[in-house]
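Notes for the one structure printed next.
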Amino acid sequence: MKKNPRPPPRAPQPRRDSPAGEASRAPRPVREDLVLQACLEAYGFVRHEGRLADRALDFTLRHKRNLYSNERRAVAERVYALLRRQRTVDFLLEHAHRGFTRLDKTRQDVLRLAASRILHGEPPDVVARTSALTGQDADALAALPTAARTLEALPPEKRFPIAASIPDFLATRFREVFGADAERAAEAMNERAPLTARLNGFKGDREQLRALLEKEGVSASPTPLSPLGLILDTRTNAFSLDVFRDGWFELQDEGSQLLGMLVDAPPTRVVDACAGAGGKTLQLAVQMKNRGDLHALDVDEGRIDELRKRARRAGVHNVRTQVIPAEGPEADAALEPLKGKADRVLVDAPCSGTGTFRRKPDARYRLTPEMIQDHVARQKRLLERFSQMVKPGGRLIYGTCSVLREENEAVVEDFLARHPDYSVRPVAEELGAELGAKVGPGPFLRLAPHLHGTDGFFGAILVRAK
């Protein structure tokens, strides 16, 4: 157990639908019984039913309308904190509580939530009392430091994946990618991610946005790498702010902003090939000054609908959205009108998401080696397909939110081996020498939480010969 534990990780903020009039009063004392009930429900959806954590929390909190806002935050933070440390907590409880694995699921989960709170710095006696734990269960919480010493005594290769709370195969890959920094990198992925906003340049500059946030009681500080971002230092539901509703910013990780900057989109013809809900699409629209044609493509109609709503709020009107088939001749036919015509094509490819574990802690437990192989195969197909849109002299920008070399450098190397008319443009030539030196020692963008404070991202600029 750490003597000076870090504060609990920050979870996505729940909606503000607390009882009327609460906002004008001081925070109420947390009703621990109601918080525990909601935590058990949300965590059970994730662990026992396989639901995604953000959806499980959203569903739970939408049906717990009697919770105050501070209680809703407590639910989100406790569930996310446990998911980040799930493997560690299970190991500790199995060594601190005889027969833990034979307990019923609800009792196990109560103990997991309690152990996680202690792991994040809360006093064991307070946690035991507010969790209504007595007897052997309370004794187990008191025995957690002894269990932690057992964990520390394990050989490094066994201790690392348990202490980092990642699957064994990912621990091996982290060591391959980060070397001696592997444990530090994994630890950073178990911390709470900052809430980061990207300025909408159509509205004004970063200092104007900062001033508007201050007027709504939200303090913010500039992102150290991206010139477009602010870190929201005040806990808030960002979506409820007037300045958000007026289109001044989007929530977007600083690493994602840097990937968007690699595109350097001219006001001509640009394609965001895996646009999703459009975070980077809107960033590209600002680069293009709302001129030219910005094509946003995705296979999911729901995400494209969300992109259209966000574009209206942001004042973006040069975007042409298109839902495309995922595979086969139909997909090729849908892309034929753009073949060889794009100045820039961004392929922000679906991936393992190993760079986003701070925000999606449950993803690590779903991931398998076979899934990574499937991602790599899809990434190669997507690069092959969308590269056909790039005109001579144009650029293909490949990105992922993965930290694994097989999804990043290896995919680029495979593409270049089959396409000698493409070459790598070092990211420092796009971002400038000073920023370029901070985001990767080589020709690619390579970001990680322990080095840059961002999510893990990879980016490559590939230029087609004229």
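Kindly check whether there is at least one residue in region 356-365 that is in a loop (DSSP other than H, G, I, E, B) and touching a Cys at 6+ places or on another chain (Cβ under 8 Å). Spell out the reasoning first.
Within region 356-365, the subset in a loop (DSSP other than H, G, I, E, B) is 356-362.
Applying the additional criterion that residues be touching a Cys at 6+ places or on another chain (Cβ under 8 Å) yields 356.
Checked region 356-365: at least one residue is in a loop (DSSP other than H, G, I, E, B) and touching a Cys at 6+ places or on another chain (Cβ under 8 Å).
Just to check your reading of the model, which residue among Y398, Y422 is in contact (Cβ under 8 Å) with a residue 40 or more places away in the chain and either crowded, with 23+ Cβ neighbours inside 10 Å or under 13 Å from A349 (Cβ atoms) (or both)? Even if it seems obvious, please write down each step before you answer.
Details: Y422 fails: either crowded, with 23+ Cβ neighbours inside 10 Å or under 13 Å from A349 (Cβ atoms) (or both).
Of the residues listed, the single one that is in contact (Cβ under 8 Å) with a residue 40 or more places away in the chain and either crowded, with 23+ Cβ neighbours inside 10 Å or under 13 Å from A349 (Cβ atoms) (or both) is Y398.
In region 25-58, how many are open to solvent by 70 Å² or more (accessible area, probe 1.4 Å), free of Cβ contacts under 8 Å to residues at least 24 places away in the same chain and within 23 Å of the chain's Cα centre (by Cα)?
Result for region 25-58: 3.
Can you work out which of the residues in region 371-394 that are farther than 19 Å from G328 by Cα and part of a helix (DSSP H, G or I) is most open to solvent (accessible area, probe 1.4 Å)?
Filtering region 371-394 down to residues farther than 19 Å from G328 by Cα leaves 371-373, 390-394.
Checking which are part of a helix (DSSP H, G or I) leaves us with 371-373.
On the way: M371: 74, I372: 0, Q373: 120 Å².
Looking at the filtered set, the residue picked out is Q373.
In region 194-215, how many are in contact (Cβ under 8 Å) with a residue 60 or more places away in the chain, open to solvent by 50 Å² or more (accessible area, probe 1.4 Å) and among the basic types (K, R)?
Qualifying residue count for the region: 1.
Could you tell me how many of the residues in region 270-293 are closer than 12 Å to E250 by Cβ and either out of contact with any Gly (no Cβ under 6 Å at 6 or more places or on another chain) or among the β-branched types (V, I, T) (or both)? Show your work before the answer.
Taking region 270-293 and keeping what is closer than 12 Å to E250 by Cβ, we get 277-283, 285-286.
Of the ones still in play, those that are also either out of contact with any Gly (no Cβ under 6 Å at 6 or more places or on another chain) or among the β-branched types (V, I, T) (or both) are 277-279, 281-282, 285-286.
Residues flagged as closer than 12 Å to E250 by Cβ and either out of contact with any Gly (no Cβ under 6 Å at 6 or more places or on another chain) or among the β-branched types (V, I, T) (or both) within region 270-293 amount to 7.
Looking at (1) open to solvent by 10 Å² or more (accessible area, probe 1.4 Å); (2) among the aliphatic types (A, V, I, L, M); (3) in a loop (DSSP other than H, G, I, E, B), which is the one condition that is false for V218?
In the conditions (1) open to solvent by 10 Å² or more (accessible area, probe 1.4 Å); (2) among the aliphatic types (A, V, I, L, M); (3) in a loop (DSSP other than H, G, I, E, B), V218 misses (1) alone.
Condition first: farther than 17 Å from S131 by Cα, assigned to a helix (DSSP H, G or I) and not basic (K, R). Now tell me which residues in region 97-111 satisfy that.
As a first pass, look at region 97-111 and keep what is farther than 17 Å from S131 by Cα: 98-99, 101-102.
The next check asks that each one be assigned to a helix (DSSP H, G or I); those that pass are 101-102.
Result: T101, single match.
Output the number of the condition that S219 fails; it satisfies all remaining conditions of (1) under 24 Å from R359 (Cα atoms); (2) without any contact (Cβ under 8 Å) to a residue 60 or more places away in the chain; (3) in contact with a Leu (Cβ under 6 Å, 6 or more places away or on another chain).
Only one criterion in (1) under 24 Å from R359 (Cα atoms); (2) without any contact (Cβ under 8 Å) to a residue 60 or more places away in the chain; (3) in contact with a Leu (Cβ under 6 Å, 6 or more places away or on another chain) is unmet by S219, namely (3).
How many residues, within region 327-349, are of a type outside the set (D, E), over 19 Å from L294 (Cβ atoms) and open to solvent by 60 Å² or more (accessible area, probe 1.4 Å)?
Here the count works out to 2.
For region 305-322, indicate whether the set of residues that are open to solvent by less than 60 Å² (accessible area, probe 1.4 Å) and under 17 Å from I397 (Cβ atoms) is non-empty.
no
In region 69-89, what count of residues is obtained for those that are more than 19 Å from R149 (Cβ to Cβ) and touching a residue at least 60 places away in the same chain (Cβ under 8 Å)? Steps first, answer last, please.
At the first step, the residues of region 69-89 found to be more than 19 Å from R149 (Cβ to Cβ) are 69-84, 86.
Checking which are touching a residue at least 60 places away in the same chain (Cβ under 8 Å) leaves us with 73, 75-81, 83-84, 86.
Result for region 69-89: 11.
Kindly evaluate F415 against the criterion of being out of contact with any His (no Cβ under 7 Å at 6 or more places or on another chain), open to solvent by 10 Å² or more (accessible area, probe 1.4 Å), modelled with pLDDT of 95 or more and among the aromatic types (F, W, Y). So that I can check it myself, show each step before the final result.
On the way: out of contact with any His (no Cβ under 7 Å at 6 or more places or on another chain): yes; open to solvent by 10 Å² or more (accessible area, probe 1.4 Å): no; modelled with pLDDT of 95 or more: yes; among the aromatic types (F, W, Y): yes.
Judged against the criteria, F415 is not a match.
Could you give me the residue pairs with C-beta distances under 7 Å whose first residue belongs to region 259-270 and is under 27 Å from K438 (Cα atoms) and in contact (Cβ under 8 Å) with a residue 12 or more places away in the chain, whose second residue is polar (S, T, N, Q) and open to solvent by 10 Å² or more (accessible area, probe 1.4 Å) wherever it lies, and which are 6+ apart or on separate chains?
V263/Q287; D264/Q287; A265/Q287
Would you please name the residue that is least open to solvent (accessible area, probe 1.4 Å), looking only at residues in region 114-152 that are farther than 13 Å from H97 by Cα and acidic (D, E)?
Checked region 114-152; the qualifying residue least open to solvent (accessible area, probe 1.4 Å) is E122.
Could you tell me whether any residue of region 355-370 is farther than 20 Å from R55 by Cβ, under 25 Å from the mean Cα position of the chain (by Cα), buried (at least 22 other Cβ atoms within 10 Å of the Cβ) and not polar (S, T, N, Q)? Even if it seems obvious, please write down each step before you answer.
Of the residues in region 355-370, the ones farther than 20 Å from R55 by Cβ are 355, 368-370.
Filter again for under 25 Å from the mean Cα position of the chain (by Cα), leaving 355, 368-370.
Next, only the ones that are buried (at least 22 other Cβ atoms within 10 Å of the Cβ) stay: 355.
Adding the requirement that they be not polar (S, T, N, Q) leaves 355.
Yes.
Could you list, in sequence order, the residues of region 153-174 that are among the basic types (K, R) and open to solvent by less than 60 Å² (accessible area, probe 1.4 Å)? Walk me through how you get there before you give the answer.
First, pick out the residues of region 153-174 that are among the basic types (K, R): 158-159, 173.
Within region 153-174, R159, R173 meet the criteria.
So V299 fits all but one of (1) more than 25 Å from A193 (Cβ to Cβ); (2) crowded, with 17+ Cβ neighbours inside 10 Å; (3) modelled with pLDDT under 95; what number is the exception?
If we test V299 against (1) more than 25 Å from A193 (Cβ to Cβ); (2) crowded, with 17+ Cβ neighbours inside 10 Å; (3) modelled with pLDDT under 95, just (2) comes out false.
When you look at R235, is it within 24 Å of A428 (Cα to Cα) and among the charged types (D, E, K, R), yes or no? Reasoning before the result, please.
Numbers: within 24 Å of A428 (Cα to Cα): no; among the charged types (D, E, K, R): yes.
Spelling it out, it is not the case that R235 is within 24 Å of A428 (Cα to Cα) and among the charged types (D, E, K, R).
Would you pick out the residues in region 90-111 that are open to solvent by less than 10 Å² (accessible area, probe 1.4 Å), under 21 Å from Q37 (Cα atoms) and in contact (Cβ under 8 Å) with a residue 40 or more places away in the chain?
Selection gives L93, F100, D109.
State whether one or more residues within region 69-83 are over 21 Å from the mean Cα position of the chain (by Cα) and open to solvent by 20 Å² or more (accessible area, probe 1.4 Å). Lay out the reasoning, then the answer.
Our first condition is that a residue be over 21 Å from the mean Cα position of the chain (by Cα); within region 69-83, this holds for 69-71.
When the remaining residues are screened for being open to solvent by 20 Å² or more (accessible area, probe 1.4 Å), the result is 69-70.
There is at least one residue in region 69-83 that is over 21 Å from the mean Cα position of the chain (by Cα) and open to solvent by 20 Å² or more (accessible area, probe 1.4 Å).
Could you tell me how many of the residues in region 430-441 are without any contact (Cβ under 8 Å) to a residue 12 or more places away in the chain and more than 20 Å from D348 (Cα to Cα)? Step through it out loud before you land on a result.
Here is the first cut: in region 430-441, the ones without any contact (Cβ under 8 Å) to a residue 12 or more places away in the chain are 432-434, 436-437, 441.
Now drop any that are not more than 20 Å from D348 (Cα to Cα), which leaves 432-434, 437, 441.
Matching residues across region 430-441 total 5.
The values are calculated or read from the model by the stated rules, or taken from the named source; none is laboratory data. Quick caveat, the model's predicted, so the values are computed rather than measured. Note that we place each Cβ from the backbone using ideal geometry, even for glycine, and neighbour counts take in every protein chain shown. Ligands, DNA and RNA are stripped out before the accessible areas are found, and what is left, the full protein with its side chains, is counted by its heavy atoms. Shrake-Rupley method; radii C 1.70, N 1.55, O 1.52, S 1.80 Å.
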